[in-house]
Structure formats: C-alpha cells, structure tokens
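Shown next, in structure tokens, is the structure this report addresses.
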Amino acid sequence: MLFYEIKVNYSRQTGEDNPGKVKETYLVEGFTCADVEERVMEVIKPFIFQGDCEVQSCKKVQYYDLIPTANGEYWYKARVELITVENDKETRRAVSILVQADNMLDALHTLKQHLASLDCEMISLAKSPVMDVIRATE
C-alpha cells in the first residue's frame, strides 16, 4: 500500500460565529490519488460548513515508518540515517519517519525508544503539517 499527502481547502466552522477557510494536509494510505481523495472527503464531510471542498494537491510520499501514539496531538517528521556495515563497508541510508506526539520532546523520546535497536543517526526533527493519518483499514 502507498501513502499520499493530500492538501484540501474548505470552509469550516472555526469559531462560535463565523466559518473560515482552512487548508489542511492529510496522509492517506491508498492506491491512487482518486482513491485517497474520496477517502479524505468522507472524513472531512461532517466538518464542511458550506460550499465545496477543493483538493489543492495530491502526491505520493514515502515513509520508512509511522509511529502513532494514543494521545499525540501533532505529527512530527524525522529524518534519520540508518547505518549498516557489510564487509567492513559502512552504508548510510536517509529515511523519513512520522511520529505522533504532543510536543517535540515527546516526539524525540518516542523516536529514540522506537529506534533503540537500530544503528542510526538523527538528522532532523520538525513539526509536520499533517493533520491526521488515514489508514486503509479505517
């Protein structure tokens, strides 16, 4: 199964009185952009205030791993170099990992625990624009 990052624009009830335009990014597991667009629309349909929802972009993305947590509010994108040694030759491969956490320190802690058994080096950790991850089993 592949992952797609899809960006949508729509009017949503943002406060007590006035709806506002929002731009949200979702990571969706699916086979094609058409497939994931349909799934995102099902998820956000209850939140659309009025009018249509516009898909701004849909692109295939690759993550080495996703680390969800029970109550993490945000998603953080980590870049990590995986280090392997074969026949005295060191090979490094940079990968992206998405970690769910309440803040960057929690994300770093969760990531360190998850990668404890691997030989790797952290390159970067930053807050991701991803609002939610929609898996194929949902």
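The values are calculated or read from the model by the stated rules, or taken from the named source; none is laboratory data. Please read these numbers as outputs of a predicted model, since none were measured by experiment. Glycine gets a Cβ as well: all are built from the backbone with ideal geometry, and neighbour counts include every protein chain shown. Accessible surface areas use protein heavy atoms only, side chains included; no ligands, DNA or RNA. Shrake-Rupley method; radii C 1.70, N 1.55, O 1.52, S 1.80 Å.
Laid out as a table, the results:
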item: Candidates per GluC sites (Glu not before Pro) in the range 1-72, loop by DSSP, up to 16 other Cβ within 10 Å; result: Glu16
item: Estimated FRET transfer efficiency (Ala34, Thr91; beta-carbon r; R0 41 Å; 0.05); result: 0.65
item: Full-stretch length increase - Glu54, Asn103 - with 0.36 nm per residue and alpha-carbon distance subtracted; result: 14.6 nm
item: Folded to 0 to 90 degrees: helix 33-44 orientation relative to the chain principal axis, Cα; result: 60
item: Anchor Lys112: lysines whose Cα lies under 20 Å away (excluding residues fewer than 8 positions away in-chain); result: Lys77, Lys127
item: Degrees separating the helix 104-114 axis from the principal Cα axis of the chain, which is the longest one; result: 50
item: Sulfur and carbon atoms: percent of accessible area, the range 34-138 [1.4 Å]; result: 47
item: Computed [θ] at 222 nm, deg cm²/dmol, the chain (DSSP H ≥ 4; -39,500 (n - 2.57); rounded to nearest 500); result: -5000 deg cm²/dmol
item: Whole-number percent relative contact order across the chain, with pairs defined as alpha carbons under 8 Å at least 6 apart; result: 28
